[in-house]
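Please read the structure below before turning to the comments.
No value in this document is a laboratory result; all are computed from the given coordinates. Predicted model, so just to flag it, every value in this text is computed and none were measured. Ideal geometry is used to build each Cβ from the backbone, glycine not excepted, and the neighbour counts take in all protein chains shown.
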Amino acid sequence: MDESRLHDHIYARSASLTLGAGELLVGPGDDCAVTRSPSGELHLLTVDQLVEGRHFKPDTDLDLIARKAIARSVSDIAAMGGIPAWALGTGVLPKGYQHADMLFDAMHRWANHWHCPLIGGDIASHSREDHPLTLTVTVGGVMPAATMPVLRSGAKPGDLLYVTAQIGGSFESAWHLRFEPRLDVGQWAARTNAHAMMDLSDGLGRDVHRIATASGVRIELDATKLPLSHRCDGWQQAVSEGEDYELLVALGPEHNIDDCPMQLLGPIGRVAACEQGRSPGAVIIDPYGKAHDASSMGWDH
């Protein structure tokens with residue numbers, strides 16, 4: 001079973017979740033879960049893993065491993081328009097691992113850097129020396145005053161799609177280790193009532209399809225408008241690689257992007273109504289006018 005099919009199974013299983021206290025507003029299927037406490041506060045919750053050999057090479061600098069472990073979850077908070085508040089971390093270390101103090105000191109520094117201090121966690125040692133180093137980080141966040149989380153499910157016909165920077169080439173350039181979670185842009189999007197947003201971790205193709213299906217719309221991206229990294233051999237590679245960690249934002253034509261904290265790139269595409277008899281989804285129109293199914297272009301973690 002690939003990652004997308006497993007996600008679909010989890011979403012279907014989770015449709016009727018309820019909390020023991022408070023209210024679940026958003027469950028599995030968005031960048032963060034959203035809960036409302038009995039006293040009315042909104043809380044954002046997200047968790048991400050980092051696995052040696054999958055998300056970083058064995059010889060990667062420990063500081064960059066720690067940075068990415070924290071930044072991945074912080075990026076999810078950014079994708080909801082939130083403010084990171086705290087973090088929990090766990091680690092499964094190979095047998096005899098010699099660098100645990102350095103690694104967790106670095107995670108502590110980076111968590112403080114994004115104002116979500118590590119307040120707890122758990123550490124275990126594996127029985128094998130060749131077991132991949134595995135880290136898991138949970139981050140909790142809150143929303144800026146008088147704002148609501150920006151979900152994947154709010155894109156509307158007529159909306160325009162923007163990204164925060166170029167896509168593709170993240171592994172070759174090491175951007176996947178050094179990316180900057182777009183917290184300022186996410187909070188701007190929440191303040192200006194952006195219609196939909198997510199961070200691009202699995203590739204623009206697969207992720208734009210997720211916004212389309214969550215919103216019940218059709219999305220067309222224009223391959224000639226995509227801001228591609230020069231490290232990619234064409235647009236198809238760029239939209240499929242993943243690990244960009246830029247924000248994809250759906251805005252109505254009435255939105256003023258000039259006051260965004262950084263220049264948004266685009267529009268790279270448009271949202272249309274889902275015609276009768278068609279399923280929600282996304283396509284990318286190549287320079288020759290041919291439509292390509294976006295859902296098949298992405299990276300499995």
Inset, instruction - Of the DSSP beta bridges with both residues in the chain, give the percent that are antiparallel, rounding to the nearest 5. - result: 75 percent
Legend entry - Prolate/oblate/rounded label for region 152-296 (Cα gyration tensor, a/c 1.5): oblate
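Note the full-extension length gain between residue 265 and residue 109 as 0.36 nm times their separation in residues minus their Cα-Cα distance, in nm to one decimal. Don't skip to the end; give the middle numbers.
On the way: separation 156, 0.36 × 156 = 56.16 nm, distance 3.14 nm.
Full-extension gain reported as 53.0 nm.
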Inset, instruction - Mind sorting 199, 286 by how few other Cβ atoms lie within 10 Å of their own Cβ, fewest first? - result: 286, 199
Inset, instruction - Please give the length that would be gained between residue 258 and residue 25 if that part of the chain were fully extended, namely 0.36 nm times their separation in residues minus their C-alpha to C-alpha distance (nm, one decimal). - result: 80.7 nm
Inset, instruction - Highest first, please rank the peptides 211-219, 65-73 by the mean number of other Cβ atoms sitting within 10 Å of their residues. - result: 65-73, 211-219
Legend entry - For the chain: lysine pairs under 27 Å (alpha-carbon distance), excluding those fewer than 8 apart on one chain: 6
Inset, instruction - Only Lys, Arg, Asp and Glu count, each charged at its Cβ (+1, +1, -1, -1), so figure out the dipole size of region 3-142 about its Cα centre, rounded to 20 debye. - result: 120 debye
Legend entry - Shape metrics for region 3-142, restricted to C-alpha atoms - Rg then Dmax, Å: 16.2, 48
Legend entry - Projected-area mean, region 203-259, by convex hull of Cα positions, square nanometres: 5.0 nm²
Legend entry - Positive-end residue of 126, 33, 263, charge dipole of the chain with Cβ unit charges: 33
Inset, instruction - For each of 175, 235, 299, count neighbouring Cβ atoms within 10 Å of the residue's Cβ, then give the residues from fewest to most. - result: 299, 175, 235
Legend entry - Three semi-axes of the equivalent ellipsoid, region 83-226, Cα gyration tensor, whole Å, largest first: 34, 20, 14
Inset, instruction - For residue 59 and residue 124, calculate 0.36 nm times their separation in residues minus their Cα-Cα distance, and state this gained length in nm to one decimal. - result: 21.3 nm
Inset, instruction - In whole Hz, with x marking every Gly and Pro, tabulate ³J(HN,Hα) for region 143-157 from phi via Karplus 6.51 cos²θ - 1.76 cosθ + 1.60, θ = phi - 60°. - result: 9, x, 3, 6, 10, 10, x, 8, 9, 6, 9, x, 4, 10, x
Inset, instruction - Would you mind ranking 197, 297 by Cβ crowding within 10 Å, fewest neighbours first? - result: 297, 197
Inset, instruction - Calculate for the chain the 222 nm mean residue ellipticity that helices alone would give, adding -39,500 (n - 2.57) per DSSP H run of length 4 or more and normalising by residue count, nearest 500 deg cm²/dmol. - result: -7500 deg cm²/dmol
Legend entry - Dipole in debye (nearest 20) - the chain, about Cα centre, beta carbon charges: Lys, Arg +1; Asp, Glu -1: 460 debye
Inset, instruction - Putting +1 on Lys and Arg Cβ atoms and -1 on Asp and Glu Cβ atoms, find which of 238, 58, 153 reaches farthest to the positive end of the dipole of the chain. - result: 153
Inset, instruction - Report the one residue of 214, 70, 299 whose Cα lies farthest in the direction of the positive end of the charge dipole of the chain (charges on C-beta: Lys and Arg +1, Asp and Glu -1; origin at the Cα centre). - result: 214
